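To start, the structure itself, in structure tokens.
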């Protein structure tokens, strides 16, 4: 449509978005990368020190702890969430009275602010006042330190993440199940496939792409987990329960070690960019990009 | 006959399982509401009792929380950032798909440049944006938060809008141009009305994001008068310390409006939050 495409009109149309995006997204990314190569504590001039911040992280036990916690949350969440949410989608696809209502209720946690989810789960997981230990006490089991102890916190964070995401993942699977071609399903039933065989050899293989999409979305969301840790333990005791992002927040804003904070931020960005690019490639194949 | 019976049998098991799972997912929320209704003496000793439920915690919460201010701030920030974010993204998406650039490669590289933003996690932006807000002199104003919220919404908005426009034939627009419509009239009276569904999706997605956002708000707002809802929630533990009833009543007061709005716009919200994954 060449008639409406004078040069100044194009500038007016793309200008605001490009400027805002460049100033508040692109420039900050470059700035962070630059700062990750400096020593800077908030005053004076940043001193260029090359890759020393990255090398120092390699010797920082708290960094490795937070990386390990992130990986634990990632593995536990994905291994449990993908089958659970797929199973739930299969379950809710059956004709059950109140099915639509249940689908909406199960999705509910996805719209609650992560910070509020963290607060709510303090009252479930807290060793003294939490619901779980109260129930366990009722059947004579001594209290378990779900959060704030040495070991269990990342698993507890996974549980909360699973709770908040299961409806979201279920909804994507549900939508995928709805668009499976009717005739293929009918043909396999007519051929005498049992429910299990149909699931194993027809449904799951045909939904391979949906599985990949769900897994990738969940992985990128795990990398964003911050508020849960912030509310449940604040990363403590002594960083035992920090994730990469919460440790980055601590190093940057509490310790004001801006250089090494930005180095962690760059590492997180690279890790999640790898996953996001996978997602873009997949969605491009589905012609939405 | 056995066939029918086992059929209804599995159906019963499936229904029971579905109700159980739904109940388990709702359990944490029910627990919060129950605690919020307990008199303070009961919370530690006898939280499961239904004997002496009271609204006293809500009275305490309403008197000690600046609810109007929290919601006022959040709604103001959401309204401005979401509207402006959608508007600038729409203009860019229109240019990327409909306008004729002298060099086509400039057009497609601009589009990819913006879409690359999808891969940027907000955490890498926190500190630089804080410095940027200081340098631009907007720190301490609503713009400190509004500007980055607009910026981070642009890539996803552009993805959805260009996706929609590319699938949509331009014939109607060409007809409008022949009838003498200028660029402004074309966008406002022809293209935008056609795009209502995708615009609604974008608005919902971004409103939910801004309402729930915490990392930016925690760093870019230092004025107690300007706290957002998320920021206020993050301070409940310090504010109420051991007044668990008050804390839970406050949590319920934040949760309830969200759930009511969700109940009303359920279908649109679910579509809005899963659109990137299920469309295509």
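The values are calculated or read from the model by the stated rules, or taken from the named source; none is laboratory data. From a predicted model like this one, the values you see are computed outputs, not experimental measurements. Neighbour counts run over all protein chains shown; Cβ positions are idealised from the backbone, glycine included.
What the table shows:
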| quantity | calculated |
| --- | --- |
| Residue count for region B:79-102, restricted to those that are part of a loop (DSSP other than H, G, I, E, B) and surrounded by 18 or more Cβ atoms within 10 Å (Cβ to Cβ) | 1 |
| Among the residues listed as A:86, A:21, A:40, the single one being within 14 Å of another protein chain (Cβ to nearest Cβ), modelled with pLDDT under 90 and buried (at least 16 other Cβ atoms within 10 Å of the Cβ) | A:40 |
| Test set (1) free of Cβ contacts under 8 Å to residues at least 12 places away in the same chain; (2) over 24 Å from residue B:87 (Cβ atoms) - residue B:197 fails condition number | (2) |
| Condition met for residue B:198 (farther than 21 Å from residue B:34 by Cα and more than 9 Å from chain A (Cβ to nearest Cβ)) | yes |
| Helices (runs of 4 or more DSSP H) fully within region B:191-269 counting 2 or more residues that are within 30 Å of residue B:137 (Cβ to Cβ) | B:196-212, B:215-220, B:229-234 |
| Some residue of region A:52-66 being within 11 Å of chain B (Cβ to nearest Cβ) and more than 18 Å from residue A:167 (Cα to Cα) | no |
| Where residue A:206 falls short, out of the listed (1) surrounded by 15 or more Cβ atoms within 10 Å (Cβ to Cβ); (2) at the interface with chain B (Cβ under 9 Å from one of its Cβ atoms); (3) without any contact (Cβ under 8 Å) to a residue 40 or more places away in the chain | (2) |
| Residue identified as within 16 Å of residue B:218 (Cα to Cα), part of a helix (DSSP H, G or I), in contact with a helix residue (DSSP H, G or I) (Cβ under 6 Å, 6 or more places away or on another chain) and within 10 Å of chain A (Cβ to nearest Cβ) among B:155, B:128 | B:128 |
| Residues of region B:83-100 that turn out to be in contact (Cβ under 8 Å) with a residue 60 or more places away in the chain, under 17 Å from residue B:113 (Cβ atoms) and within 8 Å of another protein chain (Cβ to nearest Cβ), as a count | 6 |
| Selection status of residue A:79, at the interface with chain B (Cβ under 7 Å from one of its Cβ atoms) and at pLDDT 90 or above | no |
| Region A:111-147, residues that are free of Cβ contacts under 8 Å to residues at least 60 places away in the same chain, facing chain B (nearest Cβ under 9 Å) and either closer than 23 Å to residue B:213 by Cα or surrounded by 20 or more Cβ atoms within 10 Å (Cβ to Cβ) (or both) | A:111, A:112, A:116, A:120, A:123, A:124, A:131 |
| Scope region B:131-150; condition facing chain A (nearest Cβ under 8 Å) and either touching a residue at least 12 places away in the same chain (Cβ under 8 Å) or in contact with a strand residue (DSSP E or B) (Cβ under 8 Å, 6 or more places away or on another chain) (or both); matching residues | B:147, B:148, B:150 |
| Test result for residue A:226, surrounded by 15 or more Cβ atoms within 10 Å (Cβ to Cβ), more than 8 Å from chain B (Cβ to nearest Cβ) and either over 15 Å from the mean Cα position of the chain (by Cα) or modelled with pLDDT of 90 or more (or both) | no |
| Some residue of region B:33-47 being without any contact (Cβ under 8 Å) to a residue 12 or more places away in the chain and not in a helix (DSSP H, G or I) | yes |
| Search result, residues across region A:178-188 that are in a helix (DSSP H, G or I) and either crowded, with 18+ Cβ neighbours inside 10 Å or more than 14 Å from chain B (Cβ to nearest Cβ) (or both) | A:182, A:183, A:184, A:185, A:186, A:187, A:188 |
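Okay, residues lined up against (1) more than 29 Å from residue A:123 (Cβ to Cβ); (2) in contact (Cβ under 8 Å) with a residue 12 or more places away in the chain; (3) within 8 Å of chain A (Cβ to nearest Cβ):
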{"site": "B:185", "(1), (2), (3)": "yes, no, no"}
{"site": "B:218", "(1), (2), (3)": "no, yes, no"}
{"site": "B:238", "(1), (2), (3)": "no, no, no"}
{"site": "B:246", "(1), (2), (3)": "no, yes, no"}
{"site": "B:252", "(1), (2), (3)": "no, yes, no"}
{"site": "B:266", "(1), (2), (3)": "no, no, yes"}
{"site": "B:272", "(1), (2), (3)": "yes, yes, no"}
